[in-house]
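S.K.: My structure is below; once you've seen it, I'll send some questions.
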Amino acid sequence: MSRPETLTAIYPGSFDPITKGHEDIIQRTLRMVDRLVVAVAHTSTQVKRGLFSVDERVALIRSVFEDEDRVVVTSFEGLLVTFARAQEATIVIRGLRAVSDFEYELQMAQMNQELWPDFQTIFLAPEVDFSFLSSSLVREVAELGGDVSRFVSPPVRAALRRKLKR
Ligand code: PNS
């Protein structure tokens, strides 16, 4: 398989909300590819409901990356490989924070490879400072009145305040 002229990667996830750990992975990816599609998944397959709607999550990621024209932010439904193909993205990026992430991530990577053999998963390690960070912990800390300003960018912090009426 030859390398496409414009190398596009996709970074899928829940992003409820985007954290500085996600931002770090996005910045690292931009050093390797020409274009990055950040894709917020509609979680119809998951039982849990999010704090932010999918549209709100997309809007927050856009506001964090408003100065980066190589980042395209959107949402998707259904299979990741189908959406990635439509976006001409041949690489999927996933962040690996700890060994505990690995089993699930490897399973997903291998399933995606079965579904589309030309789709490659690249795992990136975030900066050590962000290795403990997750959207769910940010939500919990914010919901309990803690300061999340070290973990999320200002638009996300403001949105958390509005959502939680603090
Ligand atoms: O941030 P998350 O919740 O860990 O992201 C998981 C996500 C959205 C990347 C994963 O659930 C996914 O790819 N969903 C799309 C449906 C799909 O393609 N499922 C098969 C993947 S093996």
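The values are calculated or read from the model by the stated rules, or taken from the named source; none is laboratory data. Computed from a predicted model, the values in this text were never measured in an experiment. Note that we place each Cβ from the backbone using ideal geometry, even for glycine, and neighbour counts take in every protein chain shown. Calculation scope for accessible area: heavy atoms of the full protein, side chains included, ligands and nucleic acids excluded. Shrake-Rupley method; radii C 1.70, N 1.55, O 1.52, S 1.80 Å.
S.K.: Quick check on my filter: what residues within segment 67-90 are closer than 18 Å to HIS42 by Cβ and among the hydrophobic types (A, V, I, L, M, F, W, C)?
M.R.: Residues of segment 67-90 that are closer than 18 Å to HIS42 by Cβ, as a first pass: 72-87, 89.
Answer for segment 67-90, where residues must be closer than 18 Å to HIS42 by Cβ and among the hydrophobic types (A, V, I, L, M, F, W, C): VAL72, VAL73, PHE76, LEU79, LEU80, VAL81, PHE83, ALA84, ALA86, ALA89.
S.K.: Next up: Please go through segment 86-99 and pick out each residue that is among the charged types (D, E, K, R) and either within 13 Å of the ligand (Cβ to nearest atom) or in contact with an Asp or Glu (Cβ under 9 Å, 6 or more places away or on another chain) (or both). Full working, then the answer.
M.R.: If we filter segment 86-99 for residues that are among the charged types (D, E, K, R), which is where we start, we get 88, 94, 97.
Of everything in segment 86-99, those that are among the charged types (D, E, K, R) and either within 13 Å of the ligand (Cβ to nearest atom) or in contact with an Asp or Glu (Cβ under 9 Å, 6 or more places away or on another chain) (or both) turn out to be ARG94, ARG97.
S.K.: Moving to a separate point now. Scan segment 132-152 for residues that are among the hydroxyl-bearing types (Ser, Thr, Tyr) and in contact with a Ser or Thr (Cβ under 8 Å, 6 or more places away or on another chain) and jot them down. Don't jump to the end; show me each part of the working.
M.R.: Our first condition is that a residue be among the hydroxyl-bearing types (Ser, Thr, Tyr); within segment 132-152, this holds for 134-136, 149.
Scanning segment 132-152 gives SER134, SER135.
S.K.: I've got another one for you. What are the residues in segment 65-80 that are out of contact with any strand residue (DSSP E or B) (no Cβ under 9 Å at 6 or more places or on another chain) and either open to solvent by 100 Å² or more (accessible area, probe 1.4 Å) or in contact (Cβ under 8 Å) with a residue 40 or more places away in the chain (or both), if any? So that I can check it myself, show each step before the final result.
M.R.: Of segment 65-80, the ones out of contact with any strand residue (DSSP E or B) (no Cβ under 9 Å at 6 or more places or on another chain) are 66-67, 69, 78-79.
Matches in segment 65-80: GLU66, ASP67, ASP69.
S.K.: Another question, then. Could you list all residues from segment 64-85 that are over 14 Å from the mean Cα position of the chain (by Cα) and away from the ligand (no atom under 12 Å from the Cβ)?
M.R.: GLU66, ASP67, GLU68, ASP69, ARG70
S.K.: Give segment 108-125 a look and list any residue that's open to solvent by less than 40 Å² (accessible area, probe 1.4 Å) and either more than 18 Å from the chain's Cα centre (by Cα) or not hydroxyl-bearing (Ser, Thr, Tyr) (or both), or say none.
M.R.: So the first thing to find is which residues in segment 108-125 are open to solvent by less than 40 Å² (accessible area, probe 1.4 Å), and the list is 109, 112, 116, 119, 121, 124.
Within segment 108-125, ALA109, ASN112, TRP116, PHE119, LEU124 qualify.
S.K.: Okay, moving on. Mind telling me which of the residues VAL148, VAL141, VAL128, VAL152 ends up being out of contact with any helix residue (DSSP H, G or I) (no Cβ under 9 Å at 6 or more places or on another chain), open to solvent by less than 90 Å² (accessible area, probe 1.4 Å) and more than 13 Å from the ligand (Cβ to nearest atom)? It would help to see each step written out before you state the result.
M.R.: Details: VAL148 fails: out of contact with any helix residue (DSSP H, G or I) (no Cβ under 9 Å at 6 or more places or on another chain); VAL128 fails: open to solvent by less than 90 Å² (accessible area, probe 1.4 Å); VAL152 fails: out of contact with any helix residue (DSSP H, G or I) (no Cβ under 9 Å at 6 or more places or on another chain).
On inspection, the qualifying residue turns out to be VAL141.
S.K.: Of all residues in segment 15-43, which are open to solvent by 10 Å² or more (accessible area, probe 1.4 Å), hydrophobic (A, V, I, L, M, F, W, C) and touching a helix residue (DSSP H, G or I) at 6+ places or on another chain (Cβ under 9 Å)?
M.R.: ALA41
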